[in-house]
1. Apply the a/c threshold of 1.5 to the C-alpha gyration tensor of the range 77-129 and tell me whether it is rounded, prolate or oblate.
2. Given that compact globular proteins tend to follow 2.2 N^0.38 Å, what is the ratio of the alpha-carbon Rg of the range 140-216 to that value?
3. With viscosity set to 0.890 mPa s at 25 °C, what whole-number translational diffusion coefficient in µm²/s follows for the range 49-138 from Stokes-Einstein and a Kirkwood radius over Cα pairs?
4. In Å, the Kirkwood hydrodynamic radius of the chain over pairs of distinct alpha carbons?
5. At q = 0.13, 0.19 Å⁻¹, work out log10 I(q)/I(0) for the range 3-50 with the Debye formula, treating every Cα as an identical point scatterer and leaving solvent out; two decimals please.
6. Over the Cα atoms of the range 131-259, what Rg and Dmax result, in angstrom?
7. Which of these, Gly53, Gly29, Gly186, has the largest mean-square fluctuation under a Gaussian network model of the chain (Cα springs below 10 Å)?
8. Please express the Cα-Cα pair-distance distribution P(r) of the range 35-78 as a list of whole percents, one per 5 Å bin, running from 0 to the bin with the greatest distance.
Amino acid sequence: MAIDGKVALVTGAGQGIGRGIALRLARDGADLALVDVKQDKLAEVAEEIRALGRKVTTFVADIGDREQVFAAVEHAGRELGGLDIMVNNAGISQVKPLIDATPEEVERIFKINVQGTLWGIQAAAAKFRELGRKGKIINASSIAGHEGYALLGVYSSTKFAVRALTQAAAKELASEGITVNAYCPGVVGTDMWVDIDERMAELTGAPIGATYDKFVNGIALGRAETPDDVAAFVSYLAGPDADYMTGQAPLIDGGLVYR
């Protein structure tokens, strides 16, 4: 297995895409540090990983808090013997017209989606340097990081920012052999998309499910994305076949946005 024996930390690992990524990396041979704000969700995923025969540790953290992110990385290194792969997956959405977004709402989503990613990049880079390892940093962007969407404008801006952080970090860390890439999912069948659809229905008057169906109907491959679809690409980025790739943010969306 390409990443056999590597140590990976995944934020937002308690559910959805994060859970899918953690399980895929475990199947591919990695030991996992799972980070989330919900301990009960972490415990469930940890049991699934143990069943796959891999080592696993959990850490409850708010990724918007820099000290907590650094503490999570230290915990992973202490419990699992180091760090090789950092997946900054955790994030939140916001469905609201730009003109109605409040300072508090904007601050909250930027704190998690943008600052949380930045803190993850910083913490991982510091640990890789300490260990003398050429690690991998993998960030969660989105189709909304390639195209701004109505009612998702503030969310889109955070995902554009993740792409900028990815490119800048890739340039700054390349001389140390650290690669930094992002993944950009589309319409994934997760709780986040259920929430987006429900909020869209409230704002537009469309029936619940209509927004989700509209997006899915625009996918060339004819189906919604699954966490496993995203996880397969993240596993590629985490492995040696992606060693010559850095600063990129490919769309993994089944053919919905073309760039």
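1. On the way: a/c = 4.22, a/b = 3.25, b/c = 1.30.
Judged from the Cα gyration tensor, the range 77-129 comes out prolate (a/c at least 1.5, a/b above b/c).
2. On the way: Rg = 15.6 Å, N = 77, 2.2 N^0.38 = 11.5 Å.
Relative to the rule-of-thumb radius for its length, the range 140-216 sits at 1.36.
3. Details: Rh = 14.5 Å.
For these conditions, the coefficient is 169 µm²/s.
4. Details: mean 1/r = 0.0548 Å⁻¹.
Evaluated over the chain, this radius sits at 18.2 Å.
5. With one equal scatterer per Cα and no solvent, log10 I(q)/I(0) is -0.22, -0.47.
6. Reported Rg and Dmax, both Å: 16.2, 55.
7. Taking springs between Cα atoms under 10 Å, the residue moving most is Gly53.
8. Over the range 35-78, the share of Cα pairs per 5 Å bin runs 5, 25, 26, 24, 15, 5, 1 percent.
No lab work stands behind these numbers, since they all come straight from the coordinates. The shown structure was predicted, so the numbers you read here are calculated from the model rather than taken from an experiment. FYI the Cβ positions are ideal-geometry reconstructions off the backbone, even for glycines, and counts take in every protein chain you see.
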